[in-house]
Amino acid sequence: MTYLTVHTDGAQPQTLLETEDAAEIAATLKEIDVVLRHWEVVEDLPEGAGQEEILAAYREQVDRVIAEEGYTFVDVARLHPDGSADWPERAAVARQKFLNEHTHDDDEVRYFVAGSGIFYLHVNGKVHAVLCEAGDLLSVPKNTTHWFDMGTRPDFTAIRFFHDDDGWIGDFTGDPIAQRIPDFDTITAGRAART
Ligand SMILES: CSCCC(=O)/C(O)=C/O
Ligand SMILES: [Fe+2]
Ligand code: NI
């Protein structure tokens, strides 16, 4: 189940909303032109599946998204603890890449097929922190200021859709806001404590 928290963006952010209610999440995100859908997950995908295998397993859903919006390039962002000696360092580097506020001149469309991560959408003086989990398809309009936190123990697989064949290109805003909004580990711990 997806989880949404909304925060003010001032020097001392206040939490305005915490919800797991799918209808409330969809309605709140609609106010900022963001669409969150829940699609099926392929359960029998091998843990070590590669990019081509993942895209083949989700061909029907991927083709549906491409047909809707004319995307020309699709890839898979995947991080999963592999037990290697350099995993902690690679995980930290991967996390840092998306951790500062940025924009794209393309929509941000991400279909989570395993694991989780939080997109922070900074719009109209508020930050919407959307915890995406397996089955969540998030569509964020181009030029929306945002960042992404995969947490200190990254574990997710997300299919990404682009209109540009060059793939991921981010323009960083230089705003340090991400440092004062609760991070992935804090938000997921807070959610666990609610249940
Ligand atoms: C969950 S896909 C990796 C993150 C990403 O592509 C992005 O643009 C984060 O803002
Ligand atoms: Fe992004
Ligand atoms: Ni595993």
| What is the distance in Å between the Cα centres of the stretch 135-171 and the stretch 99-114? | 2 Å
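What is the chain's relative contact order, in percent, from Cα pairs under 8 angstrom and six or more apart in sequence? Don't skip to the end; give the middle numbers.
Details: 365 pairs, mean separation 56.3, N = 195.
Over the chain, the number comes to 29 percent.
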| request: Find the accessible area per residue for the chain; the probe is 1.4 Å, ligands and nucleic acids are left out, and the unit is Å². | output: 49 Å²
| query | Reachable lysines from LYS97, Cα under 21 Å, same-chain residues fewer than 8 places away excluded? | reply | LYS142
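Mind ranking VAL93, VAL35 by accessible surface for me, highest first, 1.4 Å probe?
Numbers: VAL93 95, VAL35 70 Å².
Largest accessible area first, the list is VAL93, VAL35.
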| request: Could you point to the residue in THR5, TYR58, LEU79 farthest towards the positive end of the stretch 1-127's charge dipole, with +1 and -1 charges on the Cβ of Lys/Arg and Asp/Glu respectively? | output: THR5
| query | Relative contact order (percent) for the stretch 1-90, with alpha-carbon contacts under 8 angstrom and 6 or more residues of separation? | reply | 14 percent
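Report the FRET efficiency, 1/(1 + (r/R0)^6), for LEU45 and GLN14, where r is their Cβ-Cβ distance and R0 is 45 Å, rounded to 0.05. Intermediate values should be presented prior to the final figure.
Details: r = 40 Å, r/R0 = 0.90.
Taking R0 as 45 Å, the efficiency between LEU45 and GLN14 is 0.65.
Treating the beta-carbon of each Lys and Arg as +1 and of each Asp and Glu as -1, no other charges, what is the dipole magnitude of the stretch 51-136 about its Cα centre, to the nearest 20 debye? Walk me through the numbers on the way to the answer.
Numbers: 8 positive and 17 negative charges, 71 e Å.
Approximately 340 debye in magnitude.
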| note | Zone reached by a paramagnetic label modelled 7 Å from ASP175 Cα along Cα→Cβ, restricted to the stretch 78-119 with backbone N below 16 Å, covers 99-105, 119
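Considering only protein heavy atoms and a probe of 1.4 Å, how much of the accessible area of the chain is carbon and sulfur, as a whole percent?
Values: 4790 of 9620 Å².
Answer for the chain is 50 percent, counting heavy atoms of protein chains only.
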| field | For ALA49, distant residues with modelled amide H under 5 Å away | value | none
| Whose amide H sits under 5 Å from the amide H of GLY115, counting only residues 5 or more places off or on another chain, with H placed in the peptide plane? | ALA134, THR157
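At a 1.4 Å probe radius, which order do GLU40, GLU133 fall into by accessible area, largest first?
Details: GLU40 90, GLU133 40 Å².
Of GLU40, GLU133, the descending order of accessible area is GLU40, GLU133.
How much length, in nm to one decimal, is gained on full extension between LEU55 and THR195, taken as 0.36 nm per residue of separation minus their Cα-Cα distance?
Working: separation 140, 0.36 × 140 = 50.40 nm, distance 3.42 nm.
My answer for the length gained is 47.0 nm.
Given +1 on the Cβ of Lys and Arg, -1 on the Cβ of Asp and Glu, and no further charges, what dipole in debye does the stretch 36-195 carry about its Cα centre, rounded to the nearest 20? Don't skip to the answer; put the middle values down first.
Details: 15 positive and 30 negative charges, 156 e Å.
With Lys and Arg at +1 and Asp and Glu at -1, about 740 debye.
The values are calculated or read from the model by the stated rules, or taken from the named source; none is laboratory data. Treat the numbers as computed from the prediction; the structure is a model and nothing was measured. Positions of Cβ are generated from backbone atoms using ideal geometry, with glycine treated the same way; all protein chains shown enter the neighbour counts. What goes into the accessible areas is simple: the full protein's heavy atoms, side chains included, and nothing from ligands, DNA or RNA. Shrake-Rupley method; radii C 1.70, N 1.55, O 1.52, S 1.80 Å.
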